[in-house]
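K.L.:
Next up is a structure, given as structure tokens.
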Amino acid sequence: MKVSELACNHPDLGAIANWYYQQWDSKDPHATIQSVIDKISSSDSRTGFAAYIDDELVGAGEIKHQIFPKHPDYQYWLDGVYVPTEQRGKGISTALVEFAIAKAKNLNWPALYLCCEAHLVKLYEPHGFSVVDMDEHKFIMVHALTH
């Protein structure tokens with residue numbers, strides 16, 4: 001398995017945008033596949049990455065610097081970790097999360113936050129994330145990064 005950063009014009013951005021749209025963005029009545037492509041291809045304050053097995057796209061994620069008004073102290077986020085159902089159970093999410101942590105350390109970020117549903121907490125805990133807050137029905141987790 002290989003995980004690598006995505007350039008803003010990477011040929012797999014359309015496939016990743018489709019995953020993200022189907023999983024999350026379709027709930028936004030203003031979102032389109034193109035708006036998701038535009039969002040994830042922006043290199044401003046975000047780094048996208050993808051996992052491949054034998055050159056087949058099998059997962060994606062991103063890290064980003066973003067300030068949310070409800071949580072201004074949490075600025076560095078792991079987001080969009082997605083592995084298609086048929087690829088799950090192969091260690092892909094582990095590879096994506098570990099890549100994100102390493103990249104955040106290289107950027108000298110002090111911590112990496114994520115927001116997830118209850119059933120995903122156990123996925124992130126083995127990677128050093130712990131619950132620090134709640135946002136409505138979702139958990140906010142943090143991984144303190146040492147340099």
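K.L.:
Step through the residues of the range 30-35 one at a time and calculate ³J(HN,Hα) from phi using the Karplus curve (6.51 cos²θ - 1.76 cosθ + 1.60, θ = phi - 60°), rounding each to whole Hz and writing x for Gly and Pro.
P.N.:
9, 7, 9, 4, 5, 5
K.L.:
Using the Cα centre of the chain as origin and beta-carbon charges of +1 (Lys, Arg) and -1 (Asp, Glu), tell me which of TYR20, ASN106, VAL3 is placed farthest towards the positive end of the dipole.
P.N.:
ASN106
K.L.:
Sort 56-67, 119-130, 27-38 by the packing proxy (mean of other Cβ within 10 Å over each peptide's residues), most packed first.
P.N.:
Sorting 56-67, 119-130, 27-38 by mean packing, highest first, produces 56-67, 119-130, 27-38.
K.L.:
Also, quick follow-up: Summing Lys, Arg as +1 and Asp, Glu as -1, what charge do residues with Cβ under 13 Å from the Cβ of THR94 carry, THR94 excluded?
P.N.:
Here the charged neighbours net out to +1.
K.L.:
Quote the charge dipole size of the range 41-141 about the Cα centre in Debye, to the nearest 20; the model charges only the Cβ of Lys and Arg (+1) and of Asp and Glu (-1).
P.N.:
Roughly 200 debye for the range 41-141.
K.L.:
Using Cα positions and a limit of under 17 Å, work out the lysines in reach of LYS64, with same-chain residues fewer than 8 apart set aside.
P.N.:
LYS39, LYS103, LYS105
K.L.:
Please list, ordered by chain and number, the residues whose modelled amide H lies under 5 Å from the amide H of ALA111; skip anything fewer than 5 residues away on the same chain.
P.N.:
Amide H neighbours of ALA111: LEU145.
K.L.:
Here are several values of Rg and Dmax of the Cα atoms in Å: [x] 26.2, 99; [y] 14.6, 42; [z] 15.0, 44. Which one was derived from the coordinates shown?
P.N.:
The value computed from this structure is option [y].
K.L.:
I'd like the Karplus ³J(HN,Hα) series for the range 107-116: coefficients 6.51, -1.76, 1.60, θ = phi - 60°, whole numbers in Hz, and an x wherever there's a Gly or Pro.
P.N.:
The phi angles translate into 7, 6, 6, x, 7, 10, 10, 8, 10, 8 Hz.
K.L.:
Tell me the relative contact order for the range 26-93 as a rounded percent, counting alpha carbon contacts under 8 Å between residues six or more apart.
P.N.:
Value for the range 26-93: 23 percent.
K.L.:
Still on this structure: Could you run the Karplus curve 6.51 cos²θ - 1.76 cosθ + 1.60 with θ = phi - 60° over the range 39-48 and give me ³J(HN,Hα) per residue in whole Hz, x for Gly and Pro?
P.N.:
Per residue, the Karplus-derived 3J(HN,Hα) values read 5, 7, 8, 6, 8, 5, 6, 9, 10, x Hz.
K.L.:
Let me ask something additional. If you place +1 on the Cβ of every Lys and Arg and -1 on the Cβ of every Asp and Glu, how big does the dipole about the Cα centre of the range 42-93 come out, in debye to the nearest 20?
P.N.:
240 debye
K.L.:
Here's another thing I want to ask about it. Normalising by the residue count of the chain, find the relative contact order in percent from Cα pairs under 8 Å and 6+ residues apart.
P.N.:
18 percent
K.L.:
Using only the Cα atoms of the range 22-69, build the gyration tensor, take square roots of its eigenvalues as a ≥ b ≥ c, and label the shape rounded, prolate or oblate: rounded if a/c is under 1.5, else prolate if a/b is larger than b/c, else oblate.
P.N.:
oblate
K.L.:
Determine the relative contact order of the range 63-147: mean sequence separation of Cα pairs under 8 Å and six or more apart, normalised by residue count, in whole percent.
P.N.:
RCO, the range 63-147: 25 percent.
K.L.:
What net charge do the residues around VAL58 carry, taking every other residue with its C-beta under 14 Å from that of VAL58, with Lys and Arg at +1 and Asp and Glu at -1?
P.N.:
Around VAL58, the surrounding residues sum to -2.
K.L.:
From the helices alone, meaning DSSP H stretches of at least four residues, give me the mean residue ellipticity at 222 nm for the chain, per-run term -39500 (n - 2.57), in deg cm²/dmol to the nearest 500.
P.N.:
One gets -7500 deg cm²/dmol as the mean residue ellipticity at 222 nm.
Laboratory data are not the source of any read-out in this text; all were calculated from the coordinates shown. Model, not experiment: these values are computed from the prediction. Cβ atoms come from the backbone with ideal geometry, glycine included; neighbour counts cover every protein chain shown.
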